[in-house]
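S.K.: Questions regarding the structure given below will be posed in turn.
The values are calculated or read from the model by the stated rules, or taken from the named source; none is laboratory data. Quantities reported herein were computed from a predicted structural model and do not represent experimental measurements. FYI the Cβ positions are ideal-geometry reconstructions off the backbone, even for glycines, and counts take in every protein chain you see. Each accessible area value is taken on the protein alone, full model and side chains, heavy atoms only, with ligands, DNA and RNA left out. Shrake-Rupley method; radii C 1.70, N 1.55, O 1.52, S 1.80 Å.
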2 protein chains.
Amino acid sequence: MSETIRLAHGLGGRLSQELLDQVIVPALSATPDHAPTLDAAVLLDLEGPVVVSTDSFTVTPRFFPGGDIGKLAVCGTINDLAMMGGEPRYFTLSLILEEGLPLEELRRIMNSIGETARRAGVQVVTGDTKVVEKGAVDGLYLNTTGLGTRRFGPVGPEQIRAGDVILISGTIADHGAAILNAREKLGFSQTLESDCAPLWELAAAVAKAAGSHLHALRDPTRGGLSATLNELARDSGLELVIEEAALPIRPEVAAFLEILGLDPLPIANEGKCLLWVAAEAVPASLQALRQHPLGRQAAIIGRVEKGAKRGRVILETQIGTRRVLEMPLEPGLPRIC
Amino acid sequence: MSETIRLAHGLGGRLSQELLDQVIVPALSATPDHAPTLDAAVLLDLEGPVVVSTDSFTVTPRFFPGGDIGKLAVCGTINDLAMMGGEPRYFTLSLILEEGLPLEELRRIMNSIGETARRAGVQVVTGDTKVVEKGAVDGLYLNTTGLGTRRFGPVGPEQIRAGDVILISGTIADHGAAILNAREKLGFSQTLESDCAPLWELAAAVAKAAGSHLHALRDPTRGGLSATLNELARDSGLELVIEEAALPIRPEVAAFLEILGLDPLPIANEGKCLLWVAAEAVPASLQALRQHPLGRQAAIIGRVEKGAKRGRVILETQIGTRRVLEMPLEPGLPRIC
């Protein structure tokens, strides 16, 4: 088998079959007797209500401290399901490969996808592979679509109530800072690492602890807290007040961003969630978060204003001033996911 | 709003929202009060067994006689579901856009997706948009993942029996010939047109007519009949015999391919299906096919050999010889879908 991707690997003939049989399917198989099928799959045991989410991934570089494009894809899609109360069950995987891509790199990414999926109890059931000529894509892009069963909820902006408390599951801006450092070869710090992680277990634990007092969850990925908080403010029509001093951030990340003159609020996260919880369920929710390895640094970061009816976000700064946190116009870097 | 795509359209901030609100969502909305949601969707009324299929599309040129990348994506995914007995219901749509792409082109493609989906009774429920810098992708790639409910079956290679008759729903090689003609600007014939079409209704009509005598369906896309027949021969372990003279082909397509020295068998189709039917249900199946606008030229093209146990395809040529039709090594062109 040739050691780089050729156009014929995407033409549906013999080389396509070899690529599937030798590289893709073995890496993704959930168990020795399970293999993803080709064009479509029948999911006999997927219970409803079905939750679905899709994401394409173009991150550069493809390998970075804390993860790679494959792990990022699986985690990103799991998290979008989890934020809707969906337990992730089945995944599709679609690849767009550039002619000349080393097979060894594809193998590493497929193994990363397989491993992350198996750990999260998710099966890749069907997929697709396209190959385009050199220069028509930057190496490799992939799409994951996830299917799950809604286990709690409904949750979402329409459930948020005045008086709700806003929590975050951990430190902010880790993913964006790690990608920026890796991409620009700033070499600023060896300890900048993506937070890329699957959040279903964490979300389920809080839902169990808070019951129907858990009103909304959202993972602040592209556009960071700035974008996500603004979306939820807009969609709920309520005023969210965030205390800047309460935002957990790793000192290395804060220092790195400060030197570059970057605000951490619009910087992407890939393993964190924001939660809107009724006041009476805050202690139980915080406890559930902190008992989970991914939630040890969970914190209360704000509240939903009572009385106010405007869909906006107010930031109470460390020096005691209040300002509107706007939806960012150019939030951070392209291709962080 | 700027008239070309900018990197900030993919950063999750204000321009991302504008792109969604002004260009993408209005084109895709199934009804005035339905709009695709953002990160994930809950499908309260999706009945099981759920069928899922995913495909990425990189076709070039993006607009061609008979269709465009948007229509092709919706039809391709509908067809993969239909071949498993799945009635298409819900779609996800993920876009990878190149900086500098004219918004007008994106609008045309979104409208084409919306229109094809509405006609087929399919709703786009969630999606994702990434923007990459100039040169990192060739204009626009997209991914569609389709979800449906299995209405008939099981169908598939494991259901094929010795003695089954092999039908095709219409003429071969139309899509690949149209793309080749459009891409290379051969200007050979104005009448070469892609067959790109959604096959769910046609498949359901045959299933109704043939009942459990319909054993398998498959759409011969990349790699054409050569690849699809070989896959089914391999997966069923049976010998398929095809009569070359029985293959319907439009005279213009045959002439075009002959001048270029190309065999029509490995050339892609995007609106045709192969069907494996028990002998007693052939008349009813053919009638059902021919009563549908997409099946008027349906024909019997072969049979599953009795007794023989080898998973291979035999072509009985027009001059009376028999040869093995191999899985093609380099079947046709890249980026035909």
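S.K.: List pairs: first in region B:207-222 and under 28 Å from residue A:12 (Cα atoms), second part of a strand (DSSP E or B) and among the acidic types (Asp, Glu), Cβ under 9 Å, 6+ apart or cross-chain?
M.R.: Correct list of pairs: empty, since none qualify.
S.K.: I would also like to ask the following. Among the residues of region A:148-165, write down those that are buried (at least 24 other Cβ atoms within 10 Å of the Cβ) and touching a Gly at 6+ places or on another chain (Cβ under 8 Å).
M.R.: Across region A:148-165, the qualifying residue is only A:148.
S.K.: Still on this model: Looking at region A:260-297 only, could you name the residues that are under 30 Å from residue A:334 (Cβ atoms), more than 14 Å from chain B (Cβ to nearest Cβ), among the hydrophobic types (A, V, I, L, M, F, W, C) and more than 17 Å from the chain's Cα centre (by Cα)?
M.R.: A:260, A:276
S.K.: So, in region A:136-145, of the ones that are in a strand (DSSP E or B) and at the interface with chain B (Cβ under 7 Å from one of its Cβ atoms), which residue ends up farthest from residue A:20 (Cα to Cα)?
M.R.: A:137
S.K.: Follow-up question, since we're still on this one. Within region B:315-337, can you find the residues that are away from chain A (no Cβ under 14 Å), of a type outside the set (Lys, Arg) and surrounded by fewer than 18 Cβ atoms within 10 Å (Cβ to Cβ)?
M.R.: Matches in region B:315-337: B:316, B:317, B:318, B:319, B:320, B:321.
S.K.: For a quick check of your reading: which strands (runs of 3 or more DSSP E) sit entirely within region A:1-111 and have at least 3 residues that are touching a residue at least 24 places away in the same chain (Cβ under 8 Å) and either facing chain B (nearest Cβ under 7 Å) or farther than 30 Å from residue A:152 by Cα (or both)?
M.R.: Output list reads A:50-57, A:86-98.
S.K.: Looking at (1) in contact (Cβ under 8 Å) with a residue 60 or more places away in the chain; (2) open to solvent by 40 Å² or more (accessible area, probe 1.4 Å); (3) closer than 30 Å to residue A:100 by Cα, which is the one condition that is false for residue A:178?
M.R.: Among (1) in contact (Cβ under 8 Å) with a residue 60 or more places away in the chain; (2) open to solvent by 40 Å² or more (accessible area, probe 1.4 Å); (3) closer than 30 Å to residue A:100 by Cα, residue A:178 violates only (2).
S.K.: Another one. For region A:237-253, which residues satisfy the criterion of being closer than 24 Å to residue A:194 by Cα, among the β-branched types (Val, Ile, Thr) and out of contact with any helix residue (DSSP H, G or I) (no Cβ under 7 Å at 6 or more places or on another chain)?
M.R.: Selection gives A:249 alone.
S.K.: Just to verify a result, which residue in region B:208-227, among those that are away from chain A (no Cβ under 14 Å) and in a helix (DSSP H, G or I), is surrounded by the most Cβ atoms within 10 Å (Cβ to Cβ)?
M.R.: B:210
S.K.: While we're on this one: Within region B:228-239, is there a residue that is open to solvent by 30 Å² or more (accessible area, probe 1.4 Å) and among the aliphatic types (A, V, I, L, M)?
M.R.: No, every residue in region B:228-239 fails to be open to solvent by 30 Å² or more (accessible area, probe 1.4 Å) and among the aliphatic types (A, V, I, L, M).
S.K.: Just to be sure, is residue A:275 part of a strand (DSSP E or B) and touching a strand residue (DSSP E or B) at 6+ places or on another chain (Cβ under 7 Å)?
M.R.: yes
S.K.: Taking the condition of being more than 8 Å from chain B (Cβ to nearest Cβ) and either aliphatic (A, V, I, L, M) or without any contact (Cβ under 8 Å) to a residue 60 or more places away in the chain (or both), how many residues in region A:112-135 meet it?
M.R.: Final tally of qualifying residues: 9.
S.K.: Out of curiosity, is residue A:204 within 19 Å of the chain's Cα centre (by Cα) and surrounded by fewer than 24 Cβ atoms within 10 Å (Cβ to Cβ)?
M.R.: yes
S.K.: Residue A:198 versus (1) open to solvent by 30 Å² or more (accessible area, probe 1.4 Å); (2) in contact (Cβ under 8 Å) with a residue 12 or more places away in the chain; (3) in a helix (DSSP H, G or I): which is the lone unmet condition?
M.R.: (3)
S.K.: If you don't mind, another one. Name the residue, out of B:265, B:315, that is in contact (Cβ under 8 Å) with a residue 24 or more places away in the chain and under 15 Å from residue B:175 (Cβ atoms).
M.R.: Criteria check complete, one pass: B:265.
S.K.: In the list A:68, A:39, A:45, which residue meets the criterion of being open to solvent by 10 Å² or more (accessible area, probe 1.4 Å) and within 16 Å of the chain's Cα centre (by Cα)?
M.R.: A:68
S.K.: Restricting to region B:149-176, name every residue that is in a strand (DSSP E or B) and facing chain A (nearest Cβ under 9 Å).
M.R.: Result: B:150, single match.
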